[in-house]
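First up is the structure itself, then whatever we jot down about it.
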Amino acid sequence: MDLVIKGGKVITASDTYKADIGVRDGKIVMIADKIEEPAKRVVDATGKYVFPGMIDSHVHFELPFQGAVSGDDFATGTRAAACGGVTTVIDFAIQAKGEDILETVKKRMASADPKTYIDYSLHVAPTDVNKDVLAAIPELIKMGLPSFKLFMTYRKEGLISEDGDLFMVLREARKYNAIVGVHAENAYVLERLIEQFAGEGKTQCIYHALSRPNFVEAECISRGIKWAEEAGSRFYVFHVSTKEGAWEIAAARAKGLPVFGETCPSYLFFTEEKYKGENGPLYVLTPPLRTALDQEVLWRSIQMGTLQVVSTDHCPFQKAEKMRGKDDFRNTPNGLPCVETTLMLLHNDGVLKGRFDLQHLVAVLSYNPSVIFGMYPRKGTIAIGSDADLVVFDPEKEFTMSAAALHMNVDYSPFEGKRIKGMPVVTISRGDVIYENGEFKAEPGRGKFVKRYLPEALTTSPEPAVV
Ligand SMILES: [Zn+2]
C-alpha cells in the first residue's frame, strides 16, 4: 500500500462511517474497519473527518478582465485551492472573437499544464457562435469537455451570446449529452440603467447593485430555461444571486427539466450593505450582492436541493485595482477571492449553524459538481477505484480569516477577521499528500487535465442524487 489514512470518520454524500482507507497508484483500493497491511506512508486521522476532495467548478485564474488580470495564475490558484481542501478545479477557455475554438482550448491547457498542482478541467465558453464553433462541439466532447458557458451579458466587453446563439449551442449540446451553463443578466436593461444613473451622477458603489435589479437576473434565467426546454438540453445557471432566480430554477425542476444551479460564498455571506461602506469596491462582482432576504432564500435553496452546487467564481484583484472604483463603480474589475475558503465557511455557517449536515456539505462541494459535470465516480466520492483525492478535516481547529494567513495571491480578504471553527489539515491529490498542517509540498505541473464524460441517461434525469 502506498498510503493509509487511519482512524478517520469517512463522510461521503451518502454515508458516514469510521474506516481506514488504503491507496495504491493514486487510487483508493481498500476501505476497511482496520488496514494492517504495511504502507509507505500513514496519515493519522483520529478524531477527524475524511472527505472526498472538494471540486470548485467555477474559477478564473490568470483572466484578463476590465483593465486588470486576476491575481492568481494556475500555480498560485491551485496551491491556494489545495490548502483549502480543493482537489479539482474547473476554469474556462473563453474564445476570442473569430478564434478557432479548438485553439482556444489548446492555448488554455498550455497555460494550465505546466503550473497546476491539482487536477483541472475547463468549461468551453464560445463568444462567437458561428458554424465552425457548432461543428467543433463533437470534437470538444471527444476531448473530454462536455460543458459550455455562454454569457447572456457583457455586451460591451464582446462576450455576449444572443438568444439564437444560445439556442443553437443548446441544440447541439442535446445531441451529444453536454450541459450548457449561462451567466444570466439582461445586458440591454442593465446597460440602460447604468447609463441613466451615471447621467444623474449616481456612480457610488450601491448603484452597481441598483443598476442590476433582481429581475435582470431572473428574466434571463427564465429565458435561458425556455430555450433549454425547447432544445431538450441540460441547463446550468452559474452564480445565482437572487431569490427570483432560484425560484425560476425551482419551477423548472418541478416540471422535471434537467436544470441545475449554483450559488457562491459571496452571495451567502455578504449583502449589498457592503456597497455603502468605504470598502464597497472590494465587494464589486457580477451579479452584485443582494439583500438579506435573497441571502436567506439562497441558503434554503441549497438546503432543499434547488441549487445543487456551491462554487466560488474565484476572480481576485488587488486592493488598489478594486479601489479604482471608489467614486465610480464602473472602474472596478469584477470579482472576489474565494477559492481557498469555501469548505471552512460552509462547514462553519452551514453545518455548525444547523442548516445542513456533513453529508450535504460533501454533496454541494464535491459529489454534485462531479455528477453534473461528468467526473463521477472518478471524483466526488470515496469508493474503491476512485481517485485518492481526500481531505482530512479537523472539526475542532479554529482559524481567523486574513489575507496574510491565506495563500491566494491577493492583498485583501473579504472575510478578514471572521472566526471559524473547523478546517482542512491534510489534502491528498491522487494519493500524494500535497498539503499537511500548514505546509504545502508539491511540484507545479503535477496536476492533470481531467477528461470528463456525461452519459446519455442523465439527460432525462431531473437531478443527480442530492442527500
Ligand atoms: Zn465567473
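Brief remarks follow.
- Output for the stretch 387-444, where each listed residue is of a type in the set (Asp, Glu), surrounded by 17 or more Cβ atoms within 10 Å (Cβ to Cβ) and within 21 Å of residue 112 (Cβ to Cβ): 387, 389, 432
- Filtered residues of the stretch 109-127 (kept if touching a residue at least 12 places away in the same chain (Cβ under 8 Å) and open to solvent by 40 Å² or more (accessible area, probe 1.4 Å)): 113, 114, 115
- The C-beta contact set for the stretch 137-166 (first residue of a type in the set (Asp, Glu), second residue open to solvent by less than 40 Å² (accessible area, probe 1.4 Å), distance under 6 angstrom, 6+ apart or interchain) comprises 165/129.
- Within the stretch 198-259, helices (runs of 4 or more DSSP H) holding 1 or more residues that are polar (S, T, N, Q) and away from the ligand (no atom under 16 Å from the Cβ): 214-231
- Inside the stretch 6-31, residues that are open to solvent by less than 30 Å² (accessible area, probe 1.4 Å) and not in a loop (DSSP other than H, G, I, E, B) make up a count of 10.
- No other residue among 342, 306, 332, 312 is of a type in the set (Ser, Thr, Tyr), crowded, with 19+ Cβ neighbours inside 10 Å and away from the ligand (no atom under 16 Å from the Cβ) apart from 306.
- Meets criteria (more than 16 Å from the ligand (Cβ to nearest atom) and either under 20 Å from residue 238 (Cβ atoms) or within 15 Å of the chain's Cα centre (by Cα) (or both)) for residue 43: no
- Scanning the stretch 247-258 for residues that are at pLDDT 95 or above and open to solvent by 60 Å² or more (accessible area, probe 1.4 Å) turns up 247, 248.
- Candidate set from the stretch 51-74 (those that are more than 16 Å from the ligand (Cβ to nearest atom) and either modelled with pLDDT under 95 or under 19 Å from residue 438 (Cβ atoms) (or both)); member that is most open to solvent (accessible area, probe 1.4 Å): 67
- Condition broken by residue 352, with the remaining ones in (1) within 30 Å of residue 200 (Cβ to Cβ); (2) away from the ligand (no atom under 16 Å from the Cβ); (3) surrounded by fewer than 22 Cβ atoms within 10 Å (Cβ to Cβ) satisfied: (1)
- Residue count for the stretch 233-246 satisfying the condition of being open to solvent by 30 Å² or more (accessible area, probe 1.4 Å) and touching a residue at least 40 places away in the same chain (Cβ under 8 Å): 1.
- Beta carbons closer than 8 Å, at least 6 apart along the sequence or on distinct chains, pair a first residue in the stretch 32-47 that is farther than 20 Å from residue 17 by Cα with a second that is open to solvent by less than 100 Å² (accessible area, probe 1.4 Å) and of a type in the set (Val, Ile, Thr) for 37/4; 39/4; 41/4; 41/433.
The values are calculated or read from the model by the stated rules, or taken from the named source; none is laboratory data. Quick caveat, the model's predicted, so the values are computed rather than measured. Here the Cβ is made from the backbone with ideal geometry for all residues, glycine too, and neighbour counts use every protein chain on show. Side chains included, ligands, DNA and RNA excluded: accessible areas come from the protein's heavy atoms. Shrake-Rupley method; radii C 1.70, N 1.55, O 1.52, S 1.80 Å.
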